[in-house]
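Enquirer: First the structure, which I've put down as structure tokens, then a few questions once you've had a look.
The values are calculated or read from the model by the stated rules, or taken from the named source; none is laboratory data. These figures come from a predicted structure and were not determined experimentally. With ideal geometry, Cβ positions are generated from the backbone for all residues, glycine too; neighbour counts draw on all protein chains shown.
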Amino acid sequence: MVYMQAIKKFAEGDAIVILDPKPERSAANNLALEKILELALQCLAPGRQSRPSMSKCAEILWSIRKDYKEQSASDLFMRDKGRKN
């Protein structure tokens, strides 16, 4: 039941509420969570050959971390810029 609700929220583009219904809504958080959920779905593939290797998972997670940091900095810059205008 919870799995189906999580997939529904993910499909609706509201994946962030899967973890916490009141999180900080930012582009960085949304992007990171969507990428993490995509990886999780790949890892749940029924066939071993269809799942990513652990080294590939690590590579993807480091990429998500890098993108998150870049997007967070951009979100912060845009938020500060909006306060000055």
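Enquirer: If you check LYS35, LYS56, LYS66, which single one turns out to be touching a residue at least 12 places away in the same chain (Cβ under 8 Å), of a type in the set (Lys, Arg), on the phi < 0 side of the Ramachandran plot and assigned to a helix (DSSP H, G or I)?
Expert: Only one candidate passes the filter, namely LYS35.
Enquirer: Related question: In this structure, is ARG65 surrounded by fewer than 15 Cβ atoms within 10 Å (Cβ to Cβ) and modelled with pLDDT of 75 or more?
Expert: Considered against the rule, which asks whether it is surrounded by fewer than 15 Cβ atoms within 10 Å (Cβ to Cβ) and modelled with pLDDT of 75 or more, ARG65 comes out as yes.
Enquirer: Considering only residues of segment 36-62 that are among the aliphatic types (A, V, I, L, M) and surrounded by fewer than 12 Cβ atoms within 10 Å (Cβ to Cβ), which is farthest from ILE18 (Cα to Cα)?
Expert: Restricting to residues being among the aliphatic types (A, V, I, L, M) and surrounded by fewer than 12 Cβ atoms within 10 Å (Cβ to Cβ), the top hit is MET54.
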